[in-house]
Each structure stands twice: as C-alpha cells, then as structure tokens.
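See below for the structure under consideration.
The values are calculated or read from the model by the stated rules, or taken from the named source; none is laboratory data. From a predicted model like this one, the values you see are computed outputs, not experimental measurements. Cβ atoms come from the backbone with ideal geometry, glycine included; neighbour counts cover every protein chain shown.
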Amino acid sequence: MNIPSGSNGAKLRQPCGLSLWPSELKRPDFCIEPGYYYTQLEECEGAFRFIALSDIDALPQLLHDCSTLVSDESFFILEYYPDEVETEEGVEDDDTPVEPTVFYSPYLPTAEILEILQPYLSRLIHDGFVGFGIANNRLGAEIFYSEEKALTIFTANHIRTMDILGRYHLHHRAEILFPADFAHNHLSLSSIPQEELPAELQQFKPEELDYVNYCAELVDLFFMTATSDTDNFFLSASEQDTIAEIMLKQDEIEWDDEEEFVNLLLDWKDFVVVCKAGFEDDLAEYIEGLIIRDCIAMVCSQCNSQLRHKLQQFIAEADKTFKHLLTETSKSPLRGRCTKHPRNLHFWHWGVPREYGVEMRRDLIRIGWYQNQA
C-alpha cells in the first residue's frame with residue numbers, strides 16, 4: 001500500500017495487510033509523515049516508549065539495528081489470531097472481538113533469532129493479522145511491530161534509540177498520525193489476490209501465505225509457549241536493578257542478579273492457582289510457596305512507593321483469591337516463625353487452603369494442626 005506522505009506528495013510504502021478506506025485518502029486533512037514520538041512510561045522508572053512510522057523498504061534493516069537495544073540475548077514474541085478468524089475486520093460472525101494469542105520463545109542469541117526470521121520477515125511485516133518482536137526483560141527492552149503496523153520500542157536508552165531512528169531520517173514529531181489512526185481493514189495475505197501482492201510475496205504458495213501455517217512453523221522453530229494478557233508486566237532496567245540490590249542483600253536467599261523478579265511474581269500466581277484447584281503436595285512444598293510470597297513482601301517493604309504499588313497491583317487478584325481460600329486462619333503452619341496473628345499483614349501465613357490432599361493432611365497431623373491449639 002502506497003500512501004501519499006507530506007506536502008511533496010511522496011509515497012510512503014506500507015504493508016498490504018492494512019488497507020485504508022479510499023474515502024480516508026480523499027480527506028483534505030489526510031497527511032501521514034514518517035517519524036516517531038516518544039513518552040516516558042508512567043509508573044516505570046527510567047523507561048521510554050517510542051512509536052515510529054517508517055517506509056517498509058527500510059524496515060528490515062531498521063529492525064536489525066534496533067535489535068542492539070535488547071543486547072546479545074533476547075526472546076522472540078509472536079502475536080496472531082486463532083484460525084477461526086477469517087473476516088477482514090478481524091471479528092467472528094457474532095461480532096465479538098477476538099483477542100490474539102501471544103507466544104514467547106526461550107532466551108536465544110539475538111543474532112540467531114534474526115537469522116531464523118529472515119525467510120519469514122516479509123510475511124510478518126505485511127500480514128494484517130500478525131505482530132512480532134524481540135525483548136529482553138532484564139534490560140526492560142522490547143521491539144515490537146504490531147498488527148497495526150507501527151514499530152514500538154520500549155527502552156531505557158532513549159538517546160541511542162533517537163540516534164538509530166535518525167539514521168533512517170525518522171525525526172521526532174510532537175504529533176504523528178499512523179495509517180491505523182484512520183478507518184481501515186486488516187487483511188490476511190491469503191485473502192489478497194496473487195497479482196495484487198507485493199513482488200516479494202508473489203514467490204510464496206497460497207498455503208505459505210496463510211498466517212495460521214507459517215506462524216505455527218515459527219512456534220515450532222522457536223519452541224514457543226503461549227502466554228496471557230495477565231502475564232504482560234513491564235519492569236524497567238532501573239527497577240530491576242533496585243530489586244536485585246535488595247535481593248542480593250538477603251543472606252538466606254540465593255539470587256543471581258541476572259534473574260527476573262517477574263518470574264517470582266508469576267510463581268506466586270501459579271501457586272495460588274494450584275491451591276485453588278486443590279493442593280496435592282506435602283507441607284514442605286506448601287511452605288515453599290509461602291516463602292515466595294515472603295520474598296515479594298520483603299522487596300515491597302524496601303522499595304519506593306511507586307514500585308511497591310506496581311508489584312502489589314500485579315499480584316492483587318492472586319492475593320485476594322488466596323485469602324478467600326484460607327480456613328482456620330487463627331493458626332499458622334509456620335509455627336516457629338509466627339507468634340501472633342498480624343491480621344492483614346502476611347495473611348498468607350495464617351490458615352491453610354480449603355482443599356488439600358493426603359500428603360498435606362498427613363504432615364498437618366504430625367505438627368498437631370488438628371488439635372485445639374491457638
């Protein structure tokens with residue numbers, strides 16, 4: 001898709017999978033200029049979000065250059081829709097919006113990711129039902145080219161990012177419009193007649209243009225796993241440095257400063273899910289789950305209020321669920337560590353889940369849980 005750009009009427013080549021309505025192109029105020037704008041992320045210390053619009057002829061090399069922002073190791077992100085989505089507007093027959101599935105790969109050398117992606121890159125760029133990118137959570141860095149066909153960069157290194165974008169004659173704009181800001185349709189490549197496809201896509205067979213097929217190939221190639229929207233959580237590099245500094249001061253905790261604290265938050269959420277389904281392991285395993293929550297509480301007690309709120313909000317629903325699961329909350333299985341009931345403070349120490357298995361019951365008998373003790 002070629003879009004008139006700027007007052008000189010030059011063409012800005014854009015992906016064929018995002019089709020503007022012809023009436024939009026005729027609007028007297030229609031004007032799309034390449035460039036970028038950026039903002040500092042709210043509630044995320046030292047992190048910035050850039051959104052850039054570039055001619056897609058320059059995009060492959062631009063993505064390659066921006067990959068240096070995530071360092072030598074990163075993971076691949078792939079976002080696409082379930083195979084039942086067939087309409088141009090991206091909705092099912094009942095007009096219920098459908099959410100894409102997001103997949104993450106393990107950490108890999110960034111150069112290896114880019115090499116594997118090379119045969120797929122033109123399809124990923126053009127397809128209106130696909131988004132993709134790379135990220136390094138420890139650095140708080142991510143590059144993502146969305147289904148709306150805008151390049152988003154999350155980074156703490158805003159000066160370096162500006163330098164990279166400037167090399168492609170992409171300059172900061174206080175206000176910038178993107179094709180997706182106008183009325184448009186999303187198109188899958190397999191829905192576009194062969195003769196209307198860009199030259200770089202005409203070499204592919206129809207089945208190779210179907211995003212369900214080639215995205216499934218990428219999921220297999222990268223050993224990717226599906227994630228959920230609730231797992232979308234961003235900690236900047238400076239926030240993670242703060243957390244690592246706190247964790248490394250704790251003699252009783254083995255912590256590598258390259259570890260990602262978000263994994264501990266997700267472990268707690270997973271533990272709550274297991275308890276809700278019925279805890280089947282022994283008391284020692286149950287206490288390990290409580291220790292995870294202790295670590296989170298310890299970090300929250302020593303970090304600044306903004307980061308504390310952010311961490312607590314991410315696990316708030318899990319905390320609420322776990323609190324409702326607990327029974328006999330006048331007693332604690334951590335008897336050696338808890339001498340009085342702290343009410344709302346460290347509620348997870350008090351009581352046990354409503355449903356648990358034979359091993360847990362056996363261990364609770366051994367510690368005298370079922371005796372009438374306060």
Next item on the list: May I ask you to verify whether LEU218 is modelled with pLDDT of 90 or more, over 26 Å from the mean Cα position of the chain (by Cα), of a type in the set (A, V, I, L, M) and surrounded by 18 or more Cβ atoms within 10 Å (Cβ to Cβ)?
Entry: no
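The rows are residues; the columns are (1) within 23 Å of the chain's Cα centre (by Cα); (2) modelled with pLDDT under 95; (3) of a type in the set (Ser, Thr, Tyr).
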| site | (1), (2), (3) |
| --- | --- |
| THR155 | yes, yes, yes |
| ILE159 | no, yes, no |
| ILE164 | no, no, no |
| HIS171 | no, yes, no |
| LEU177 | no, yes, no |
| ALA183 | no, yes, no |
| GLN203 | no, yes, no |
Checklist line | Looking only at segment 277-290, and only at residues there that are among the hydrophobic types (A, V, I, L, M, F, W, C) and loosely packed, with under 15 Cβ neighbours inside 10 Å, the one that is farthest from GLU260 (Cα to Cα) | finding: ALA277
Next item on the list: Quick one: ILE143 ticks every box in (1) within 30 Å of TYR37 (Cα to Cα); (2) among the aliphatic types (A, V, I, L, M); (3) out of contact with any Cys (no Cβ under 9 Å at 6 or more places or on another chain) except a single one, so which number is it?
Entry: (3)
Item checked: Lone qualifier among ALA52, ALA111, ALA58 - being out of contact with any strand residue (DSSP E or B) (no Cβ under 7 Å at 6 or more places or on another chain), modelled with pLDDT of 90 or more and surrounded by 14 or more Cβ atoms within 10 Å (Cβ to Cβ) -> ALA58
Margin query: Scan segment 253-271 and tell me whether some residue there is over 19 Å from SER74 (Cα atoms), among the polar types (S, T, N, Q) and not in a loop (DSSP other than H, G, I, E, B).
Written below: no
Next item on the list: Answer with yes or no whether LEU189 is surrounded by 20 or more Cβ atoms within 10 Å (Cβ to Cβ) and either in contact with an Asp or Glu (Cβ under 6 Å, 6 or more places away or on another chain) or under 17 Å from LEU20 (Cβ atoms) (or both).
Entry: yes
Margin query: Given the criterion touching a residue at least 60 places away in the same chain (Cβ under 8 Å), of a type in the set (Asp, Glu) and in the same structural domain as ARG27 (by TED's automatic domain parsing), identify the matching residue among GLU207, GLU195, GLU175.
Written below: GLU175
Check: Among the residues of segment 161-172, which ones are in contact (Cβ under 8 Å) with a residue 12 or more places away in the chain, surrounded by fewer than 15 Cβ atoms within 10 Å (Cβ to Cβ) and over 18 Å from ARG13 (Cβ atoms)?
Finding: ARG167, HIS171, HIS172
Checklist line | Residues that are acidic (Asp, Glu) and without any contact (Cβ under 8 Å) to a residue 60 or more places away in the chain, drawn from segment 275-298 | finding: GLU285, GLU288, ASP294
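Condition check ((1) farther than 21 Å from LEU69 by Cα; (2) under 26 Å from the mean Cα position of the chain (by Cα); (3) hydrophobic (A, V, I, L, M, F, W, C); (4) modelled with pLDDT of 85 or more) across all residues:
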| site | (1), (2), (3), (4) |
| --- | --- |
| ASP229 | yes, yes, no, no |
| ALA237 | no, yes, yes, no |
| ILE253 | yes, no, yes, no |
| VAL272 | yes, yes, yes, yes |
| GLU288 | yes, no, no, yes |
